[in-house]
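All remarks here apply to the structure that follows.
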Amino acid sequence: MKILVPIKRVPDPDHRIRVDLQRIALELSDVPHIINPFDANALEEAVRIREGPVPDAEIIAIGIGDPAWQQELRTSLAMGADRAIHVGVSGPPDPWNVARILRAITERESPDLVLMGKQAVDDDSNQAGQFVAGLLGWPQATFVSQIEFIPLDPEPSIAGHQLRVARETDTGIETIRLRLPAVITADLRLNEPRYAALPAILKAKRKPIETIPLTELNIELSPRVERIALQEVSSSRKCQYVQSVDELLDQLFLNRCL
Amino acid sequence: MRILAVIEHDGSSPKPGSLAAVGFAQAVAERNGGHVASLVIGHTVAGIAEILTSFGIVYFADSPALANPLADRYAQVIVDAVSRYHADMLVAASSTYAKDIVGRAAGLLGGAMVSDVVAHDWRDGQLLFVRPMHAGMVTETVILHGDPKIVTIRPTAYPQPIAMETQGELFPIAVQDPLPVGMMWEHLESKLGTRPDVTDARIVVAGGRAIADRHDFERLVGGLADCLDGAIASTRALVDAGIAPNSLQVGQTGKIIAPELYIALGISGAVQHLAGMKNSKKVLAINKDPNAPIFDFADYGLVGDVYDVVPELIGKLHEP
Amino acid sequence: MNREMLTRDIYGNIDSVSKVIFYILSAAALACCAAGIWHHVRRWRREGRPFGSPSSPAFDWKGIFSRFWTRVLSQTALRRGRVGAGWMHSLLFWGFAVLFLGTVLVSTEYYAATLLGRTAGDPLFHKGLYFAIFECVLDLAGLALIAGIVWFAIRRARGTSSMAHQGSDWLVIGLLISLGITGYCLEGGRIVLEQTPAPALSPVGYVCSLPIAAADPGPAVVGRMHRTFWWIHALLALGLVAIFPYSRLLHALAGTVRLMATPRALGSMEPISIEQVELAGFIGVDRLEHLTCLQRIELHACVACGRCQDVCPAHIAKKPLSPRDVVQDLRFQLDQWTRSADTNTDPGAVSQQSLCGAVIADETLWACTTCGACEDICPLDVGPLTFITDMRRFFVGDGRFRGAPAAALARMQRSGNPWGLPAEDRLNWAQDLDIRTAADGGDSDLLYWVGCAAAYDPNCQRIARSMVRLLQRANVPFTVLGNEERCTGDSARRMGDEFVFQELATRNIETLHRYGIKKIVTHCPHCLNSLRNDYPQFGGLFDVVHHSELLLDLIETGRLPIDGSDLFNHSAAIRATYHDPCYLARIQRISQPPRQVLDHLLTHGHLSERIEMARHGRETACCGGGGGRMWFDDTPSDRIGIDRFDEVVATGADTVAVGCPFCKIMFHDAASDRGSSIQVRDIAELLAEKILQ
């Protein structure tokens, strides 16, 4: 069994993100980067699948970005991925193009499962997983907080391996079954990712990272989303004390908080 | 421009958020002379479709196979409806339903999608969308290339739609056979109440150590949140004490959120908690301790006991 | 009485056949003992540790011998904590040592005299005054030995202490008691048989001789009786020798070696380089051969007396950690390994058992607050904490760590503080205070090290604000690093993430060197310990003081005058108790300056009373925040140290004074959880309140 785990490199969400003077780009040079937390959940789950129900699972981490992404791929290998693929592009593409690249990789690798984060904490789009599932025509389960491998179902309409997953939706916890191959996107409560300390990263140095140029995948990027401006949301504050509930309501309405 | 709004429903009526999506669609259509239609998917949804006719044309897909929202089937129906209506734009309210189903449909329709839109604008006849990113620390303005354009909106950002003078027509959509069968429904464990998710809500009401028990948490925190259509949240202290469930915890070890307004009730402001809510746009703190550190991180402060202040606040908010 | 007459016949009444049999048996017992010791030594010396300093430390003979007197013979450490057991062990030990020395002297006399061709009854030195003292001392030593061992037998039978029991302990106790008793019987028999002059020189032996003399069975019977006692005594002694390395008695050897070796420095850890880790492929300890030689000796030095368990805050809080069991579980593995090696001729054989998570459970490793109480109390200088931090290093390095504390580590690495807050916010607490950063340039050679808690935690920011205002009042020029300060890495290192620690430490040292900082004051004992004990390993040598020391100095030199005007205003006064932070009182041995600062406040009426808790100073009890426990997600009532908070409340104080931001946070949480109105204040806050009111 093969599990593909796309990994995104994102600015540390703990840090304050600033917009440059032209209001078109983010100033990220001083901001440390991390593996997108939801992707870490996805990777952790893949490792747990290998540690549990499917010992022969092969886990492949995919990064789509500039050479700096190798660092997050190294971390992924330290967390338990068997090998990594780095698709070299100058910057992270929009979700549509990420999905196209993932489709191309999927066609090369023919995995049984694409396990990824529900969204990236930088652009917060929450689209790529659904796009890939749609493009591949595979079953999908988004916002997953639990994955269970179930024995083969004798029901003739469902062939192959099956998963039972719990999804965290606005209306509650939804349980569905999926036929493999499938796309699953992970929610935060799926698991607690392990921490890759330096010795683990050093140990994973021997694991391979394959770099694939975009041209080899025959993909020409055609962005669907074009950013034209950015604005910082101010966060400095000075407390304005109010004396009564009436005064409070006046202030809140006056400042259009309510 | 032909705009199709995907309507989420609870089996008997459309969800208010989805109606806000229709409101957004109307606003866009009004500006460029377009048309708005609604799409309802499910089983025995004729009644809901009927309700929606007051906002224009309604497409509806009704089948036992669509009794539950499974993304592969529903997305297929949406793609069919888009092609039937020749829609240039597909809109929905940003919810887990739309992120799941409309997101997949967008993948099938060319991927020109923008999520969580909180405002829009026009420039040279082009639609600009404004959306938050980086957990609300930054907003970006984008344009979409390609058709159809797929948009999910934050329901709190848009008004409810205006009813038309004449009712729209109803068009049933024949369900394609066979529908995809890779996903099978098992069951839904319903959440109590219908409050928005703490990570998505525009307003979040959070309770801290001053709240004594579960009952008071529901009465004060829940009560105030319901007045404001807000989500509820708590500090680690209440989660630890078993007063609030784990999923509501905001802070370093809980969720990191950035709502428009964060109301801190009886929260002292430990650094662990501040880490989770410091990016909120506005913060209101109510605490009886004038020295509570939370006031250093608040825009509005009211020194008082939450047990006195909150009931009064709820009472005044209920007044017309 | 003619003093020259005083002597006795060595091997008197023992025929040559018996002597030959005795020598054969002795050889067998010694061989048995030597073989046992050899097996252990082979395992102790087993090389397999890829870390640490490459060369073995130079032997400091002077230190080794002085420690033999100060740490082994004196038995001082044993009498700490358990006075009764300590004295009894001292008696047992001194008694045994004297008897052993006596046996050596007797043998020396016998063989020397034989070699010189002297006849029986014409001893070389075993006579006269020497003999009189010898007899008396040895007789009383036997009494000390019996008193000690009987005391231990009773204690063991009652099972009241946290001493771990094993069946073979009774064998050792039985042997020692019988050895003592048969010794006296033998002595009694000899006195009767030889009609020893001045028998009262061995008072107990003399008492034993009285019933024999009274019965008067005749010289032949007494002779047989004496021979029988002699044989029983000899066999018991040889038995003791034979089982020495196979029983808990081994601690006498291992413990002596441990005590004579370099004493443990509390609060310091061994540095490991990236190169060593790259070469080894791992970090820390997961197998017995990864331990140092001394650590393996420590495993055999431990007698499971349980002193460590009694003082362990995690054990008191019912967490699954007993330092005693950690050591004993490892010792069991070591013995298994030694035993399996008996059938395995390869001396380089590796142990098969993984320790982390298998022998020592994950929860056990992570329950430790690294307060150091176990290592501080251990009379044999065994280091349970070091075993734990070594295994934590492996655990973290192996990528097994997860959850909230792992997130704190990641944040320390990325953001330079455990909360992941931006470095640019590090000086927000001082916005309205006129302070200079080192980067602003300043003519001061004193740096105030603020630490992460006081930089970011609103509650702890008050400590820093008080401190700054006090320094300004005293006209002490100082600077802070401001945005350039990073977490010292104390908890990262104690959680086992050596390289996050090293990254932070080298960066901080580089910053401190850039500004030419020599003298540092900090209110955080964890930062203090790291700066004092950890940083010199990476070239950071600074003169670091705790703020209590500096504040006391400023008060006593008159630079921080305390106004005595409201001397009688007792209504506003505070009843305070002082809680000693582990890293300050136990590890850095600073417990008086904070008390003296409080006593100045007491004198000037700001405090009405300073209450002392039972556990104070070096014997303080942990608040639960050290060793990375601060970042764990347990609920306040389950936290380690909640018992300490209850102890604080039980004093009836309305304020608990602390000298550590972690203690402040932990007690603050505990107070909320327990619904207590007790105030938790740093000594700087209390002082500032009084001086700057």
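The values are calculated or read from the model by the stated rules, or taken from the named source; none is laboratory data. Here the structure is a predicted model, which is why all the values come from computation and not from measurement. Methodologically, a virtual Cβ is constructed for each residue, glycine included, from the backbone with ideal geometry; neighbour enumeration extends over all protein chains shown. For accessibility, only protein heavy atoms count, side chains too; no ligands or nucleic acids. Shrake-Rupley method; radii C 1.70, N 1.55, O 1.52, S 1.80 Å.
Some notes on this structure:
- Residue C:665 being of a type in the set (Val, Ile, Thr) and part of a loop (DSSP other than H, G, I, E, B): no
- Of the strands (runs of 3 or more DSSP E) lying entirely inside the stretch B:141-257, the ones with 2 or more residues being touching a residue at least 60 places away in the same chain (Cβ under 8 Å), within 11 Å of another protein chain (Cβ to nearest Cβ) and not β-branched (Val, Ile, Thr) are found at B:183-190.
- Elements of the type helices (runs of 4 or more DSSP H) sitting completely within the stretch C:388-497 and holding at least 1 residues that are of a type in the set (D, E, K, R), away from chain B (no Cβ under 12 Å) and closer than 21 Å to residue B:251 by Cβ: these cover C:404-415.
- Qualifying residue in the stretch C:618-626 (condition: in the same structural domain as residue C:650 (by TED's automatic domain parsing) and surrounded by fewer than 20 Cβ atoms within 10 Å (Cβ to Cβ)): yes
- Between A:56, A:39, A:30, A:14, the distinction of being away from chain B (no Cβ under 14 Å) and within 19 Å of residue A:193 (Cα to Cα) belongs to A:39 only.
- Residue ID - nearest to residue C:489 (Cα to Cα), chosen from residues in the stretch C:212-240 that are open to solvent by less than 50 Å² (accessible area, probe 1.4 Å) and aliphatic (A, V, I, L, M): C:240
- Residues satisfying the stated conditions in the stretch B:157-175, i.e. among the hydrophobic types (A, V, I, L, M, F, W, C), modelled with pLDDT under 90 and open to solvent by less than 60 Å² (accessible area, probe 1.4 Å): B:157, B:175
- Taking the stretch C:388-418 as the range and being open to solvent by 20 Å² or more (accessible area, probe 1.4 Å) and touching a residue at least 24 places away in the same chain (Cβ under 8 Å) as the test, the residues that pass are C:394, C:398, C:400, C:407, C:413.
- Filter result for the condition that a residue is part of a helix (DSSP H, G or I) and either within 14 Å of chain C (Cβ to nearest Cβ) or not aromatic (Phe, Trp, Tyr) (or both), over B:308, B:289: B:308
- Residue among C:69, C:61, C:94, C:87 that alone is in contact (Cβ under 8 Å) with a residue 12 or more places away in the chain and among the aromatic types (Phe, Trp, Tyr): C:94
- The residue list A:142, A:75 contains one member that is in contact with a Ser or Thr (Cβ under 7 Å, 6 or more places away or on another chain) and buried (at least 21 other Cβ atoms within 10 Å of the Cβ), which is A:142.
- Residues that are open to solvent by less than 40 Å² (accessible area, probe 1.4 Å) and among the basic types (Lys, Arg) were ranked within the stretch C:241-271; the one that is nearest to the other protein chains (Cβ to nearest Cβ) is C:258.
- Among the residues of the stretch C:500-510, those identified as open to solvent by 10 Å² or more (accessible area, probe 1.4 Å) and within 11 Å of another protein chain (Cβ to nearest Cβ) are C:502, C:503.
- Unique residue being in contact with a strand residue (DSSP E or B) (Cβ under 9 Å, 6 or more places away or on another chain) and in a helix (DSSP H, G or I) when the list is C:131, C:100, C:152: C:131
- Residue count for the stretch C:163-185, restricted to those that are part of a helix (DSSP H, G or I) and more than 17 Å from residue C:147 (Cβ to Cβ): 6
- Scope the stretch C:272-294; condition surrounded by fewer than 22 Cβ atoms within 10 Å (Cβ to Cβ) and away from chain A (no Cβ under 14 Å); matching residues: C:287, C:289, C:292, C:293, C:294
- Residue match in the stretch C:35-46 (condition: at pLDDT 80 or above, open to solvent by 80 Å² or more (accessible area, probe 1.4 Å) and in a loop (DSSP other than H, G, I, E, B)): yes
- Test: residue C:653 is touching a Cys at 6+ places or on another chain (Cβ under 9 Å), part of a loop (DSSP other than H, G, I, E, B), more than 14 Å from chain B (Cβ to nearest Cβ) and buried (at least 18 other Cβ atoms within 10 Å of the Cβ): no
- Out of B:298, B:258, sole residue that is crowded, with 18+ Cβ neighbours inside 10 Å, modelled with pLDDT of 90 or more and among the aliphatic types (A, V, I, L, M): B:298
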